[in-house]
1. So, in Å, what gap is there between the alpha-carbon centers of segment A:1-73 and segment A:130-150?
2. Output the 0 to 90 degree angle, nearest 10, between the alpha-carbon long axis of helix B:29-53 and the longest principal axis computed from the alpha carbons of chain B.
3. Which of B:Ile32, B:Leu56, B:Ile93 sits closest to the plus end of the dipole of chain B, meaning its Cα is farthest towards the positive end, when Lys and Arg get +1 and Asp and Glu get -1 on the C-beta?
4. Counting Lys and Arg as +1 and Asp and Glu as -1, each charge on the Cβ, what is the dipole of segment A:35-166 about the Cα centre in debye, to the nearest 20?
5. Write down Rg/Rh for chain B, rounded to two decimals, with Rg from the C-alpha atoms and Rh from the Kirkwood relation over Cα pairs.
6. Neighbour counts of other C-beta atoms within 10 Å: give me A:Phe33, A:Phe108 arranged from fewest to most.
7. Could you work out how far apart the two model spin labels at B:Ile98 and A:Val144 are, taking each label as a point 7 Å from the Cα in the direction of the beta carbon, and quote it in nm?
8. What is the angle, in °, between the Cα long axis of helix B:5-25 and the longest principal axis of the Cα atoms in chain B? Nearest 10 is fine, range 0 to 90.
Amino acid sequence: MDILSLIVKYGIYTVMAVSVLAAFSVTLLPNLFHAALALALALIGVAGIYLSLQADFLAVVQLLLYVGAVMTLIVFAVMLTSRIGEPSSAPQNNQLVLPALSACIIFFSALYAIIRDTPWPVRTPLNLAVNTEDLGRALMGLYVFPFEVISVVLIAVLVGAAVVARKDRE
Amino acid sequence: MLIPYHHYLLFAAVLFVTGIFGTIVRRNLIGILMSIELILNAVNINLVVFSRTTSLAPETGQVFAIFVIALAAAAAAVGLALVIALFRVRKTILADEITTLKW
């Protein structure tokens, strides 16, 4: 294995570690604004993972849509709803931390056993790269009906979110 | 693939479990929504990994991941609108203080 692929390999592991640490901070940080920034870091790490899987278009979509749009929404919501001047209360529900932690550890052990023991039927020519043209053909060919349904859903969401969040004028 | 796909699956599993943990223990509704975004991202990673290794048509998983991202963005928009409307009425968005339906 040459030196370049070795660097890339450990780079992928580093990105994974950073993403996992950021995900832990999302659940544990007391300040919600800091948690939102940690979520942005985790999402950028996931975009890096997409790049390492040669899903270039998906990485760009992740950066634009998640890190661009959804994070903007979340940061705005955090700023609009924070109670200024009030001592910040506990970020976690203390009664639930231990049961939730044990449940998550048990669930992760089950997932680990499943991933380790399942014989995944790996396709032999592994290097079938998917470029954007293939994705576009799939979206406009086989998946054209879900594609159109998604556009209707997005319209409904736009109108619905505006109606729900608007101020009532009696 | 430079690293074995088991490692991608384990990474996605860690993200998924972290998201579930945050969904359970966070008191703030926006924190719960952020944890749900983590869960959806873990699912997306799995979809992309399987589309590269095991699926017959290699673009299927990526198309599904695009649909999941679109629906997650929609869910975030509606959820945050609900949170803002709730904050306007109740002046709180802590999940254990919203107990009107709890007798």
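1. 25
2. 10
3. Toward the positive end, the furthest listed residue is B:Ile93.
4. Numbers: 5 positive and 6 negative charges, 41 e Å.
The calculated dipole for segment A:35-166 is roughly 200 debye.
5. Details: Rg = 17.2 Å, Rh = 15.4 Å.
Answer for chain B: 1.11.
6. On the way: A:Phe33 14, A:Phe108 18.
With the sparsest Cβ surroundings first, the list reads A:Phe33, A:Phe108.
7. Label-label distance for B:Ile98 and A:Val144, simple model: 4.1 nm.
8. Approximately 10 degrees, to the nearest ten.
Computed from the coordinates by the stated procedures, all read-outs in this text should not be read as laboratory data. All of these numbers come straight from a predicted model, not from anything done at the bench. Virtual Cβ from ideal backbone geometry, glycine too; neighbours counted across all protein chains shown.
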